[in-house]
Amino acid sequence: MRFLYLLFLFVSLQAVQAQNQFSVEGISYKTALENAKTEGKPVFVMLYADWCPHCNQMKKEVFSDPKVMEFLNKNYVCVWKNIEKEEGIALKNKFKTTSLPSFLFLDSNETLLYALKGEMKTPEFLAEAGYALNPKFQLPNLEKEFLADTGNATKFFNYLNTLKKGKDRTELSIPTHIYLQTKSDEQLISETNWRVIANGVTDINSREFQYVLKHQKEFAAVASQNRVDRKIESIVNELLRPLVDNLDTINYYKQREVAKSIKLQKTDSIVFKYDLTLAERTEKWNFYKKVTLEDTEKLAWNDASFLKEIGQTYLKHIDDKESLKKSISWVQHSLELNDSYDGTLLVSKLYNKIKDKKSALKYAKDAKAIGKEMGWNTKDVDALLAELNSK
């Protein structure tokens with residue numbers, strides 16, 4: 001009897017769990033548009049990927065909730081598409097989707113009414129899906145109101161704040177520059193217009209950003225120097241990161257000169273790190289050596305970890321003796337900043353690479369002493385000492 005009761009309980013729990021799991025009917029996008037016309041509803045599209053943790057969390061927590069699915073099915077024709085399969089690929093490209101998960105709210109003519117991106121909790125998602133039904137909050141209406149009065153900050157922010165819920169910052173630049181064209185250079189220096197620049201300006205060569213560079217103190221007075229610094233850094237990151245991620249060396253070398261033209265140490269440091277990342281990923285070791293020899297002491301001199309990373313790269317990939325000597329001085333400086341076992345061992349290995357056995361032995365013994373004092377496993381330095389003592 002007890003067995004039958006436990007079996008019944010197990011089956012019941014499995015049934016409840018199955019009801020709460022994310023499961024949808026896989027209709028095509030074309031069918032969804034046809035159904036939307038027939039039923040007089042907008043279309044809801046979720047774009048996802050199986051490897052996306054935020055997508056999976058939304059499926060598990062939000063779209064397994066019966067209240068959410070009831071709301072969506074009542075008010076929308078729903079489509080769920082994997083961006084790595086057929087229609088999902090086409091939809092990703094059509095709507096320029098770069099963030100996952102992405103949620104599109106469309107009319108039956110494929111006009112984008114509203115868009116969301118990223119992971120959110122059930123109450124927030126339901127609230128946003130509700131706003132998407134209201135013509136007052138939809139993008140076409142907000143765009144129309146803004147374009148009727150392009151210098152109106154309230155109408156601009158109403159449009160921008162809704163637009164950025166589902167779009168990347170680069171897509172905010174068109175309305176941003178339309179609004180800013182209505183302002184003189186002097187009018188840019190206000191708290192309101194700083195917010196516009198901070199949120200929507202992504203073009204490093206634009207009038208507005210160049211004006212910020214030339215009037216940093218004035219903008220710092222209405223915002224703060226920290227916020228101005230962050231904007232300058234973010235615009236360089238937005239310029240260079242996609243090129244490094246895509247290994248687009250031709251355009252990277254062009255755009256790095258644009259970033260370097262800013263002539264600030266903080267932006268030079270960003271370019272320096274992107275230079276090294278791209279050189280490593282493309283195995284351009286001569287470029288890596290050139291950049292580090294020129295700028296390590298200027299741009300990475302107080303970063304002990306970074307100095308050791310550069311030293312490790314020299315150990316693996318750089319062979320000429322004079323450059324290796326330079327890398328030794330960098331790692332030795334890292335030890336002045338922060339004495340460490342791994343840094344001391346690295347200096348020993350670099351000396352060994354240039355065949356300076358005496359110096360290599362000294363630093364290997366120092367590393368051994370540090371490891372012994374800390375109670376660490378010293379097999380790496382033991383192997384190096386055995387090699388050095390056998391020569």
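The values are calculated or read from the model by the stated rules, or taken from the named source; none is laboratory data. A quick note: this is a predicted structure, and the numbers were derived from the prediction, not measured. Here the Cβ positions follow ideal geometry from the backbone for every residue, glycine too, while neighbour counts run over all protein chains shown. These accessible areas exclude ligands, DNA and RNA; they are computed on the full protein's heavy atoms, side chains included. Shrake-Rupley method; radii C 1.70, N 1.55, O 1.52, S 1.80 Å.
Annotations for the structure displayed:
- With a cut-off of 11 Å between beta carbons, the residues surrounding Pro135 carry a summed charge of +1, where Lys and Arg count +1 and Asp and Glu -1.
- With a cut-off of 12 Å between beta carbons, the residues surrounding Gly343 carry a summed charge of -3, where Lys and Arg count +1 and Asp and Glu -1.
- Trypsin sites (Lys or Arg not before Pro) within region 41-129: DSSP coil, no more than 14 neighbouring Cβ in 10 Å: Lys85, Lys96, Lys121
- Amide H contacts of Leu113 (H built 1.01 Å from N, under 5 Å, at least 5 apart or other chain): Phe105, Leu106, Asp107
- By the Cβ rule of 4.7 Å, the chain holds the following cysteines without a possible disulfide partner: Cys78.
- Estimated vicinal HN-Hα couplings, Hz - region 249-264 in sequence order (Karplus 6.51, -1.76, 1.60; Gly, Pro = x): 5, 4, 6, 4, 5, 5, 6, 4, 5, 5, 5, 5, 5, 5, 6, 10
- In degrees, nearest ten, helix 191-200 long axis to first principal axis of the chain (Cα): 80
- Backbone HN-Hα couplings from phi across region 290-301 [Karplus 6.51/-1.76/1.60, Hz, Gly and Pro as x]: 4, 5, 5, 5, 6, 10, 4, 6, 7, 10, 9, 5
- Gyration tensor verdict on region 125-252 (Cα atoms; rounded if a/c is under 1.5, prolate if a/b is larger than b/c, oblate otherwise): oblate
- C-alpha long axis of helix 2-19 to longest principal axis of the chain, angle in °: 90
- Gap separating the Cα centres of region 72-124 and region 251-291, nearest whole Å: 36
- Burial ranking of peptide ranges 242-254, 173-185 (average Cβ count within 10 Å, highest at the top): 173-185, 242-254
- Within a Gaussian network of the chain (alpha carbon springs, distance under 10 Å), most fluctuating of Met374, Met46, Met58: Met374
- Electrostatic tally near Ser234: other residues with Cβ closer than 15 Å to its Cβ, Lys and Arg +1, Asp and Glu -1, net +3.
- Folded to 0 to 90 degrees: helix 321-337 orientation relative to the chain principal axis, Cα: 70
- Taking only protein heavy atoms and a 1.4 Å probe, the accessible area of region 88-154 is 52% carbon and sulfur.
- The chymotrypsin sites (Phe, Trp or Tyr not before Pro) found in region 26-78 that occupy coil by DSSP, while having at most 15 further C-beta atoms within 10 Å, are Trp51.
- Placed amide H near Val77: partners under 5 Å, 5+ positions off or other chain: Val43, Phe44
- Excluding exposed DSSP-loop GluC sites (Glu not before Pro) (at most 12 other C-beta within 10 Å), longest clean stretch of the chain: 85-282
- The mean accessible area for residues of the chain, using a 1.4 Å probe and ignoring ligands and nucleic acids, is 54 Å² per residue.
- For Rg/Rh (Cα atoms, Kirkwood Rh), the value computed from the atomic coordinates appears in the list [x] 1.11; [y] 1.09; [z] 0.96 under label [x].
- Computed [θ] at 222 nm, helices only, for the chain once each DSSP H run of length n ≥ 4 contributes -39500 (n - 2.57): -20500 deg cm²/dmol
- For the chain, built as a Gaussian network whose Cα springs stay under 10 Å, the top-fluctuating residue of Thr344, Thr267, Thr292: Thr344
- Under the Karplus curve 6.51 cos²θ - 1.76 cosθ + 1.60, θ = phi - 60°, whole-Hz ³J(HN,Hα) for region 219-233, x wherever Gly or Pro sits: 5, 4, 5, 9, 10, 5, 4, 4, 5, 5, 4, 4, 5, 4, 5
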